[in-house]
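Enquirer: Here it is, the structure, as structure tokens.
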Amino acid sequence: APVEFRVESLGTEKLVVHLQSINVELCSFCVEYNQLKKLHKEVFVPIVEGMDVEHKHYWKNFRKKCKRKILPSRFPLLPTKPLLNDPSTEESYRRKLEDYWNIVLQDFGSLLMNTKVGELLHLPEATQDILADCVMDTAFHDHLSGQPEHYNEEGEAVPEDPTDTRGNIGWLMRSETEARGEVPYVDKTQQFEQFIYEIEAKQGWNLPDDAKNRFVLLFVPGLFSGAYKGVVGYFRDNMKPFKKAGITTQMFDLNSFASVHKNSIRITERIRAILSEEEHKNKQVILVGHSKGGVDCITAISLPENGLLPSKAVAGVICIQSPYAGSPFAKKIAFGQKLRGVRAVNDLNHVERRNFLELHPFDAKVSNIPIVCIITEMTKAKGALRNNIKRLQRQCGVNCDGLVVPEDAIIPDTQVVKLKDIDHANTVFHRLRLANPKHRYQPSNLTVAAFHLLLQSIDSTSTSTEIS
């Protein structure tokens, strides 16, 4: 049977690692953070990088590699100890460590059979034998089950090298399309355009009257938005129609520099806090996430430990230009892991997203939560993000919105809206709309049209559930 690690955090300095198979514990061992750091630095990384630890030039070469801006390997970064000790931060740290151990087990299992692991962690011989057996069993299980989910007949279609921008772009859509023999989403652009036309024709947003009694809208901002949201009027126009209609609308003032894990915990806490209020106890939350905010939203509903799916607290999600499969502009940074925002940037790298989705797969159909993905691209390089647009067109021959490639913003088995000549800022900024977007796609109209599209799916899902 498949095995996995479960990590129990004892503060930030010590953790207990449990090796389990279908909830049956096979062994456990205690690890101090300094031991793990030494194991990562002196055993795991040198082996993966193919360097000889005993070589006299090893440390000099290792320091050179660590000074490079981008790491070429898909080996996971070791989570750094948090500076704060609040519950959500500690839980986020625990989850990152658990992911680290499971990626090592699944994709670099032979490292755990190295004798230096037992020596550094002071493991009993029986525990080392169990680790070795589980590594062999995992490899045998993978062999029997055939190729992993995101592989194809021509070889590996998933990201391996974080620096391979051209090869990584669109990896999830390619692998899903090849596996299914068809595109893994429903194109709702035409229906979306009809909603936009109706908004223009009626010169109003025409939101349903009962929406204020059914939903609370929670807008989740993207990466680094905390540094500029007040200056550019971030989400201001997007929220205006709903507030005017009397629908409770909130912008979540979360830490936009934080990791995906941490923000998913914070979003979960905020949803529960909203629905615990007397006036909202019979409502559901609709999440609207822009850029990394959309990734944070999907992570919040997809992780079982958050418990949002069974509670039916979330009615639907609107993801606006969210790099679900990663962004070519999010590099795997090898230094400054404790600096604000570095972990968040690494989380959006194609390889890191691949690792995350392997450990935490999300099936939109099974979740039964309607999701609308709005993806955009610029056909000409102009606006505030023109340099990024031009660079990707020149290097890879693909269009993007300035930060995200359309194919990487699609979540399988969701409704997708494709728009052209709108950059990453035009969908949410009140000011600084430098790329001259079409007036009909202004943030307020765009969000209302997406809401109408989502509402159709929510009502359809509710009807199907009642019938069954």
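Enquirer: Which numbered condition in (1) in contact with a His (Cβ under 9 Å, 6 or more places away or on another chain); (2) part of a helix (DSSP H, G or I) is the only one that E269 fails?
Expert: (1) is the only condition that E269 fails.
Enquirer: For residues that are closer than 18 Å to C319 by Cα and either open to solvent by 40 Å² or more (accessible area, probe 1.4 Å) or touching a Gly at 6+ places or on another chain (Cβ under 9 Å) (or both), tally how many sit in the range 379-403.
Expert: Final tally of qualifying residues: 2.
Enquirer: If you don't mind, there's one more thing I want to ask. Go through (1) open to solvent by 10 Å² or more (accessible area, probe 1.4 Å); (2) farther than 16 Å from M173 by Cα; (3) modelled with pLDDT of 95 or more; (4) not polar (S, T, N, Q) and name the single condition D413 misses.
Expert: (2)
Enquirer: Go through (1) over 24 Å from N368 (Cα atoms); (2) open to solvent by 10 Å² or more (accessible area, probe 1.4 Å) for P241 and report which single condition fails.
Expert: Status for P241: all satisfied but (2).
Enquirer: Still on this model: Please verify whether T89 is part of a helix (DSSP H, G or I) and touching a residue at least 24 places away in the same chain (Cβ under 8 Å), treating the condition exactly as stated.
Expert: When the stated conditions are applied, T89 passes them.
Enquirer: Among the residues of the range 12-22, is any open to solvent by less than 50 Å² (accessible area, probe 1.4 Å) and modelled with pLDDT under 80?
Expert: yes
Enquirer: Does V405 meet the test of being at pLDDT 95 or above and either within 26 Å of the chain's Cα centre (by Cα) or under 21 Å from G170 (Cα atoms) (or both)?
Expert: The answer is yes for V405.
Enquirer: I would also like to ask the following. With the requirement that a residue be open to solvent by less than 10 Å² (accessible area, probe 1.4 Å) and aromatic (F, W, Y), what does the range 94-133 give you?
Expert: Correct list: Y100, W101.
Enquirer: Would you confirm whether any residue within the range 330-348 is modelled with pLDDT of 95 or more and acidic (D, E)?
Expert: Among the residues of the range 330-348, not one is modelled with pLDDT of 95 or more and acidic (D, E), which makes the answer no.
Enquirer: So, one more: Give just the number: which of (1) surrounded by fewer than 20 Cβ atoms within 10 Å (Cβ to Cβ); (2) at pLDDT below 90; (3) part of a loop (DSSP other than H, G, I, E, B) does S256 not satisfy?
Expert: Result: S256 fails condition (1) only.
Enquirer: Please go through the range 84-124 and give me each residue that is touching a Pro at 6+ places or on another chain (Cβ under 9 Å), over 18 Å from K41 (Cα atoms) and small (G, A, S), ordered by number.
Expert: Residue satisfying the conditions is S92 alone.
Enquirer: Just one of the numbered conditions (1) out of contact with any helix residue (DSSP H, G or I) (no Cβ under 7 Å at 6 or more places or on another chain); (2) outside any loop (DSSP other than H, G, I, E, B); (3) under 30 Å from T299 (Cβ atoms); (4) modelled with pLDDT of 85 or more is not true of D137; which one?
Expert: Status for D137: all satisfied but (4).
The values are calculated or read from the model by the stated rules, or taken from the named source; none is laboratory data. Fair warning: this is a prediction, and the values are worked out from it, not measured in the lab. Positions of Cβ are generated from backbone atoms using ideal geometry, with glycine treated the same way; all protein chains shown enter the neighbour counts. The protein model used for the area step is the full one, side chains on, heavy atoms only, and it has no ligands, DNA or RNA in it. Shrake-Rupley method; radii C 1.70, N 1.55, O 1.52, S 1.80 Å.
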